[in-house]
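*Asks:* The structure's right below; bear with me while I get my questions together.
The values are calculated or read from the model by the stated rules, or taken from the named source; none is laboratory data. All values reported here derive from a predicted model rather than from experimental measurement. In this analysis, Cβ positions are derived from the backbone assuming ideal geometry, glycine residues included, and neighbour counts consider all displayed protein chains. These accessible areas exclude ligands, DNA and RNA; they are computed on the full protein's heavy atoms, side chains included. Shrake-Rupley method; radii C 1.70, N 1.55, O 1.52, S 1.80 Å.
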Protein chains: 2
Amino acid sequence: MFQSPHSGPVQGRSIHELTTSYRAGELTPTDLVETVLGKISERGDDGTWISVVDRFHLILRAKELEQHPNPASLPLYGVPFGVKDSIDVAGLPTTVACPEYAYQAAATAPVVSRLLDAGAILVGKTNLDQFATGLNGTRTPYTVPRSVFGNDLISGGSSSGSALAVATGEVPFTVATDTAGSGRVPPALNGIPGFKPSRGLISTVGLVPACRSLDCISLIASSVSDLSAVFDLVAAVDDRDPHSRMRQRDICDANNFRVGLPDVAELEFFGDGPMREAHLAARTWIERGFDRTAQIPLGPFLDAGALLYSGPWVAERLTEFGAFLADRPDAVLPVIRSILEGGSRYTATDVFAAEHRLGELRTRVARLWRDMDVLILPAVGTTFTVEQAVADPVGTNTALGHYTHFGNLLDLCAAVVPAGLTSDGRPAALMVLGPALADDRVLAMAARLAGEETSADHTSRREVADSISAGSTTTLVVVGHHLSDQPRSNDLTSRGGLLVSRTFTAPNYRLLRVGDVSAVPALVRADSGGAPIEVETWTLPSAGLVEVLSAAAESVCLGRVLLADGRSAIGFVADASVLAEPTALDITHFGGWRAYLAAQSESHAADSHGADSHGADSHAADFQPAHLP
Amino acid sequence: MFQSPHSGPVQGRSIHELTTSYRAGELTPTDLVETVLGKISERGDDGTWISVVDRFHLILRAKELEQHPNPASLPLYGVPFGVKDSIDVAGLPTTVACPEYAYQAAATAPVVSRLLDAGAILVGKTNLDQFATGLNGTRTPYTVPRSVFGNDLISGGSSSGSALAVATGEVPFTVATDTAGSGRVPPALNGIPGFKPSRGLISTVGLVPACRSLDCISLIASSVSDLSAVFDLVAAVDDRDPHSRMRQRDICDANNFRVGLPDVAELEFFGDGPMREAHLAARTWIERGFDRTAQIPLGPFLDAGALLYSGPWVAERLTEFGAFLADRPDAVLPVIRSILEGGSRYTATDVFAAEHRLGELRTRVARLWRDMDVLILPAVGTTFTVEQAVADPVGTNTALGHYTHFGNLLDLCAAVVPAGLTSDGRPAALMVLGPALADDRVLAMAARLAGEETSADHTSRREVADSISAGSTTTLVVVGHHLSDQPRSNDLTSRGGLLVSRTFTAPNYRLLRVGDVSAVPALVRADSGGAPIEVETWTLPSAGLVEVLSAAAESVCLGRVLLADGRSAIGFVADASVLAEPTALDITHFGGWRAYLAAQSESHAADSHGADSHGADSHAADFQPAHLP
């Protein structure tokens, strides 16, 4: 893991901690609601929230959850969260940080509905740079939020409130957005993780667009595993979203990744020496911690980023706000107004020419992914105070987006994770980038950098469910060397295998031990003399099955195995040749391979006292296979 | 198949026929070149070709092929073809039908290189509407081509020459392009098939763009199976093309497709009664020939089509030709000039607004694909004479694109096939449409409508090679009911299984027959008394393996089978229980399940004369499995 000198300012509890407390009966949703309201009121108006759901409705929601017949079926039971105020929640106003633009939402965005359906408690709508236009957090008519790191540092934007609500520990996660870095700069400046998935994996229906062609729903949480857990719940194809596409699941081992790093000379810290030092310390650790790193030129990435604000995409914002701006120019903050007005100077040909230039850059970047699995960069090159951001709104904003602007244009996915502090106490952060649909890869690397164990239990269950519903996996019954603590278990896990259950066969099986030095178990159907044999069921991508079989012992075949509960599944059984094996011993009475091995090692221990190590075995000669009368 | 009253005007030989003649030694590439040059010279300047490779170089190419050490390795050995003159071939001029714009190409487009690498002979560059802007074929400073159906009918455009070169039988296929129908209207108007793949499946590197965001390389051939064969060779990811994406392979049975058809009232024939009648006859056949049809509203498709020419995409053409137009306005045909100049009136906001509107239409169309696998429409609603097209260049063009304009904007793939003649002798054509990446589905349906057997042998070999290189399949050895002429063979083919070879096991196997009424073979390793047993190797998507195993007889397992050539592969073997089966007979000496069955049916025939039907069998009791001393 990345050795952060500072664990970040997060005061709240993670989703996992909350869930554990609920299960243990140490907490109720009502208690939780009171705690969250207490924290919010304690901080006063710090610019985090534009609106908070009133106590009455929060308690009502808590009680509703408490009366749920099956809380265990709700993966986010009682977990509080906030939503950026550019995303609709029915019955609440959507302001986009422009009170004159605000409207009462009639429907709830699907990303929010999915969270509510999972048992989460919506606490309120969070502050943002007006029209989600900005990366600094100061462009709001509401209270200007500050970074939790103090010293008048900006919160970052546009998802300023979404980052603060998590960083102050009020809620464990929030829903934000990212069009050019809005979902990454604020968590980076508040010392917490954030994740911008590949475009189209989370539906943007119900979002007030900034640039429709680039907008992504993003997530901010107090840990990468919480980001993953929430992402699992909200990533879904939605054919009302023209950019919707299917998530691509990957089983990733971040330790084996090829890590792309730019030449240090290509990195830009805007003269911020302490930030440079903090980043280089993190890089040193990465260079030592990974076997394979590749030096990647930053040119094509930065060229794409430059296109965003020097090019015609700002005109896309006019398709949303142009009419309002013409109608109510004074309702819009001057800085936002001047940015939006800049969009009207571009022609249609400018758009196509910029898209063609971007296309060329995409092809150059596509070739760079041949040499790396992930690219790691600073999330921000420097930080600013509110005063600095207000004094030079465009310059500071451009600097803040130096590493983020290109991500959306190049169709990348990205996560930011805290990476220690500068010597003067400001947050440093790393950004992990991957090509489109490499979301699992990016999350795995972010978890590795954050020093988090990935939430294996949670993830596995989700993956099992997902894989099974996708029809691409098979259940496999294993009896010997593939059991989860046995030497060939790795043949399954390395191919995406996941342990589902420990169980037994139906009683009409015998277990033989075949071979001497490298003994293997052999499962054989038998009408008499059988017993329930201990097995495990695994789920395995079907494509891996043949490789597992090829790697297994020669006498092993795949056939149907009848389980104790009456189901049958594909599993390892013995082929006909084992019956003739002179070394075959019937070990059915041990009830399983593990029990046999345990007895062996006990009897080996006893050996030194002169006992017969095979005393408990009977030779297979008296074995009668199934179907004999 | 669609019962076309007319098989089309094609005079030439298909790729398959040419290849067969070459293999039989009935033809040499030199003969072929002379024949092609003869045909071209016989027709004179009919507007098909802008440039033809000179005889010297064609003969040189023919001789080069004749000296090739392994002609069988070249799937297009000696097959002549033409290329639309907006696609670069090194050493030849690219004119885009504008002599003043023409330049000598320095490199060959990868789509052409792949064909040359496959042994094809490039004959020349074909005529087109200038700058590939038009659907009628009259917008050229060269000779205006006419449809092979005569009566002064337009050839269609912009790929006018590419369609004619095939329809007149000069070459069996040509490379064309399709930005709004340019690859579909000309084959439809000349009674031959054409195919516009999903965008990005064939590299557009080396193409002079019309609208980069919509351009596709397309193919025109004298049969759908030739289109498929050529597509197999040229579809390839190219990371120099920003729109490049990977082909998605499907195993399709067009008979099971859900066929989308619009309400007849939504169809537009521009007052062309005979065309309407010809189309309705084809529809009647489709409605009778397919079990499942669905009525699909055409509105969202046509709305998208209307966006193309009423919207800002014409400005995209200016990014390519704007500078030339400003510099040399007189070098551009007046109709093209006025179209291009129209592009400058659009703003950047117009582009984004049109893209957003298109996004909405895409989501509506995406939902329609839930109810159908393919959509079938007329390819064109009517035909025009050259005089009509010249008199009303914009009106006729809009009518010609009624059914094609939306295909590119909505990211669809499409094929056109001839569908008989109107009562007054003009060609009618059907268009099969599918969503992005449903190319195999569209080709399968087009082949079905054209009454063609799909080129199974060719396709299978390609699919085997592709699947194996993708690592997603497994080789499976089958010995009994899964053999290609046996009852369970369908378990393999229905899951994408493909027969690879007929071979034998190594000699240390025995074959048993187990069971009485529904006897199954059982393959068992045996150190003595074994023989080579007839087997087949199949390739099967790994994901299907478990289903095949689950559907197989209960005593059957998957294990490793050693083949006669020393390789081993996963295959069906017997589990240990069969040895105890009282019904088991050793039938090893037959050498295989088919030979056993043949002997059985002979002996059953003999039965009626009193012979012993099992006379040749020996009971398995004396069977000794492998590894016994």
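*Asks:* Which value in deg cm²/dmol, rounded to the nearest 500, describes the helix-derived mean residue ellipticity at 222 nm for chain A, given -39,500 (n - 2.57) per DSSP H run of n ≥ 4 and division by the residue count? Display every interim value, and only then the final one.
*Replies:* Values: 20 runs with 215 residues, N = 629.
Computed mean residue ellipticity for chain A: -10500 deg cm²/dmol.
*Asks:* If contacts are Cα pairs under 8 angstrom and at least 6 residues apart, what is the relative contact order of chain A in percent? Please list the in-between numbers first.
*Replies:* Details: 1360 pairs, mean separation 76.8, N = 629.
Over chain A, the number comes to 12 percent.
*Asks:* Related question: Assume the label is 7 Å from Cα along Cα to beta carbon: what separations in nm does A:Q295 have to the matching positions in the other copies?
*Replies:* So the label point of A:Q295 gives 6.8 nm to the other copies.
*Asks:* Output the pairs from A:K84/A:K196; A:K39/A:K196; B:K63/B:K125; B:K39/B:K125 with a Cα-Cα distance over 18 Å in this structure; if there are none, say none. Walk me through the intermediate numbers first.
*Replies:* On the way: A:K84/A:K196 14 Å; A:K39/A:K196 27 Å; B:K63/B:K125 21 Å; B:K39/B:K125 16 Å.
Going by Cα-Cα distance, A:K39/A:K196; B:K63/B:K125 fall outside the 18 Å limit.
*Asks:* Would you mind giving the mean number of other chain beta-carbons within 10 Å of the Cβ of each residue in B:237-245, as a whole number? Can you show the working numbers first?
*Replies:* Values: counts 1, 1, 9, 5, 4, 11, 3, 3, 0.
Taking all residues of B:237-245 together, the mean is 4.
*Asks:* Turning to a different aspect of this structure: By how many degrees, 0 to 90 and rounded to 10, does the Cα axis of helix A:273-289 deviate from the longest principal axis of chain A?
*Replies:* Relative to chain A, helix A:273-289 is tipped by roughly 20 degrees.
*Asks:* Taking each residue in B:546-553, count the Cβ atoms of any other chain within 10 Å of its Cβ, then average. What number comes out? Mind showing how you got there, number by number?
*Replies:* Details: counts 10, 3, 0, 6, 5, 0, 2, 0.
Mean shielding by partner chains, rounded to a whole number: 3.
*Asks:* Defining the label point at 7 Å along Cα→Cβ, can you sort the distances from B:I59 to the same site in each other copy, shortest first, in nm?
*Replies:* 10.1
*Asks:* Compare the Cα positions of A:G496, B:P93, B:G559 along the charge dipole of the protein assembly as shown (+1 at Cβ of Lys, Arg; -1 at Cβ of Asp, Glu; about the Cα centre) and return the one farthest towards the positive end.
*Replies:* B:P93
*Asks:* Shifting gears a bit: Considering every residue in A:313-326, what mean count of other chain Cβ atoms within 10 Å of its Cβ is obtained?
*Replies:* On the way: counts 2, 2, 7, 7, 2, 5, 10, 3, 0, 2, 0, 0, 0, 0.
So the per-residue partner count for this stretch is 3.
*Asks:* Further question on the same structure: Mind listing the label-point distances from B:Q248 to the same position on all other copies, shortest first, one decimal in nm, points 7 Å along Cα→Cβ?
*Replies:* 1.3
*Asks:* The stretch B:331-348: which residues show an accessible-area loss of 10 Å² or more, assembly versus chain alone, 1.4 Å probe?
*Replies:* B:Y346, B:T347, B:A348
*Asks:* Now for a different question. Treating the angle as unsigned and between 0 and 90°, give the value, to the nearest 10°, between the Cα long axis of helix A:456-470 and the longest Cα principal axis of chain A.
*Replies:* Once rounded, the angle reads 80 degrees.
*Asks:* While we're here: Arrange the peptides B:65-75, B:205-215 so that the one whose residues have, on average, the most other Cβ atoms within 10 Å appears first.
*Replies:* Numbers: B:65-75: 13.1, B:205-215: 21.8.
Going by the mean number of other Cβ atoms within 10 Å, highest first, we get B:205-215, B:65-75.
*Asks:* Order the peptides B:485-495, B:218-228, A:422-432 from the highest to the lowest mean number of other Cβ atoms within 10 Å of their residues. Write down the numbers at each step before the final one.
*Replies:* Numbers: B:485-495: 15.5, B:218-228: 27.5, A:422-432: 22.2.
Per-residue Cβ counts within 10 Å, averaged per peptide and sorted highest first, yield B:218-228, A:422-432, B:485-495.
*Asks:* ³J(HN,Hα) across the stretch B:425-430 via Karplus (A = 6.51, B = -1.76, C = 1.60, θ = phi - 60°), whole Hz, x for Gly/Pro?
*Replies:* Computed from phi, the couplings for the stretch B:425-430 are x, 9, x, 9, 8, 9 Hz.
*Asks:* Could I ask something else about it? Mind grabbing the base-10 log of I(q)/I(0) for chain B at q = 0.07, 0.11 Å⁻¹? Debye formula, identical points on the C-alpha positions, no solvent, two decimal places.
*Replies:* The calculated log intensity ratios at q = 0.07, 0.11 Å⁻¹ are -0.52, -1.01.
*Asks:* Right, something else. Would you please give the residues with an amide H less than 5 Å from that of B:C216, counting only those at least 5 places away or on a separate chain, with H modeled from the backbone geometry?
*Replies:* B:D178, B:T179
*Asks:* Obtain the nm distance between the two label points defined at A:Y103 and A:D250 by a simple spin-label model: each point lies 7 Å from its Cα along the Cα-to-C-beta direction.
*Replies:* Those two pseudo-labels are separated by 3.9 nm.
*Asks:* State, in square angstrom and to the nearest 100, the accessible area buried between chains A and B, both chains counted, probe radius 1.4 Å.
*Replies:* Values: alone 25210 and 25200 Å², together 45690 Å².
Summing both sides, the interface buries roughly 4700 Å².
*Asks:* Please report, in debye to the nearest 20, how large the charge dipole of chain B is about its Cα centre when each Lys and Arg carries +1 at its beta carbon and each Asp and Glu carries -1 there. Each step should come with its number before you reach the end.
*Replies:* Details: 48 positive and 72 negative charges, 179 e Å.
Result for chain B is approximately 860 debye, rounded to the nearest 20.
*Asks:* If you count, for each residue, the other Cβ atoms within 10 Å and average over each peptide, how do B:148-155, A:519-526, A:325-332 line up from highest to lowest? Write down the numbers at each step before the final one.
*Replies:* Numbers: B:148-155: 19.8, A:519-526: 25.9, A:325-332: 13.8.
Top of the packing list down: A:519-526, B:148-155, A:325-332.
*Asks:* Give the residue from B:L410, B:A574, B:Q600 lying farthest towards the positive end of the charge dipole for chain B; charges sit on Cβ (+1 for Lys and Arg, -1 for Asp and Glu) and the dipole is referred to the Cα centre.
*Replies:* Selected residue: B:L410.
*Asks:* Can you send over the carbon and sulfur percentage of the accessible area for the protein assembly as shown, probe radius 1.4 Å, protein chains only? List each step's numbers first, then the result.
*Replies:* On the way: 23460 of 45690 Å².
Taking all protein chains in place, the protein assembly as shown shows 51 percent carbon and sulfur surface.
*Asks:* For chain A, which cysteines have no second Cys with its Cβ under 4.7 Å from theirs?
*Replies:* For chain A, the answer is A:C98, A:C211, A:C216, A:C252, A:C413, because their Cβ atoms have no other cysteine Cβ under 4.7 Å.
*Asks:* Something else now. Give the long-range amide H neighbours of A:V500: residues separated by 5 or more places, or on another chain, with amide H under 5 Å away, using H modelled in the peptide plane at 1.01 Å from N.
*Replies:* A:T537, A:W538, A:T539
*Asks:* Hey, another quick one. Could you run the Karplus curve 6.51 cos²θ - 1.76 cosθ + 1.60 with θ = phi - 60° over the stretch A:531-547 and give me ³J(HN,Hα) per residue in whole Hz, x for Gly and Pro?
*Replies:* Coupling constants for the stretch A:531-547: 7, x, 10, 5, 9, 10, 9, 10, 10, 9, x, 3, 5, x, 4, 5, 5 Hz.
*Asks:* Still on this model: List the residues, sorted by chain then number, that are 5 or more residues from B:I154 or on another chain and whose placed amide H is less than 5 Å from its amide H.
*Replies:* B:S147, B:F384, B:T385, B:V386
*Asks:* For the stretch A:14-167, report the accessible area per residue in Å² (1.4 Å probe, heavy atoms, rounded to an integer).
*Replies:* Details: 5560 Å² over 154 residues.
Here the per-residue accessible area is 36 Å².
*Asks:* Tilt of helix B:314-327 relative to the longest C-alpha principal axis of chain B, in degrees (0 to 90, nearest 10)?
*Replies:* Taking the Cα atoms of chain B, the angle to B:314-327 is about 50 degrees.
*Asks:* With a ≥ b ≥ c taken as the square roots of the eigenvalues of the C-alpha gyration tensor of the stretch B:15-252, please select rounded if a/c is under 1.5 and otherwise prolate if a/b is larger than b/c or oblate if it is not?
*Replies:* Here the stretch B:15-252 falls in the rounded category.
*Asks:* Further question: List, in order, the whole-Hz ³J(HN,Hα) value for each residue of the stretch A:400-414 obtained from phi through the Karplus relation with A = 6.51, B = -1.76, C = 1.60 and θ = phi - 60°; use x for Gly and Pro.
*Replies:* Running phi through 6.51 cos²θ - 1.76 cosθ + 1.60 with θ = phi - 60° gives 5, x, 3, 9, 10, 3, 6, x, 6, 4, 8, 6, 9, 10, 7 Hz.
*Asks:* Same structure, new question: Which value, in debye to the nearest 20, describes the size of the charge dipole of the protein assembly as shown about its Cα centre when Lys and Arg Cβ atoms bear +1, Asp and Glu Cβ atoms bear -1, and nothing else is charged?
*Replies:* Values: 96 positive and 144 negative charges, 294 e Å.
In total the dipole reaches around 1420 debye.
*Asks:* Turning to a different aspect of this structure: Alpha carbons only, please: Rg and Dmax for the protein assembly as shown, in angstrom.
*Replies:* Values for the protein assembly as shown (Cα only, Rg and Dmax): 34.9, 109 Å.
*Asks:* Could you tally the net charge around A:G322, taking each other residue with its Cβ under 12 Å from the Cβ of A:G322, Lys/Arg +1 and Asp/Glu -1?
*Replies:* On the way: positive: A:R317, A:R328, A:R337; negative: A:E316, A:E320, A:D327, A:E341, B:D350.
Summing Lys and Arg as +1 and Asp and Glu as -1 gives -2.
*Asks:* To continue, here is another question. Counting Lys +1, Arg +1, Asp -1, Glu -1, what net charge surrounds B:L207 among other residues with beta carbon under 12 Å of its beta carbon?
*Replies:* Within the 12 Å Cβ shell, the charges total -4.
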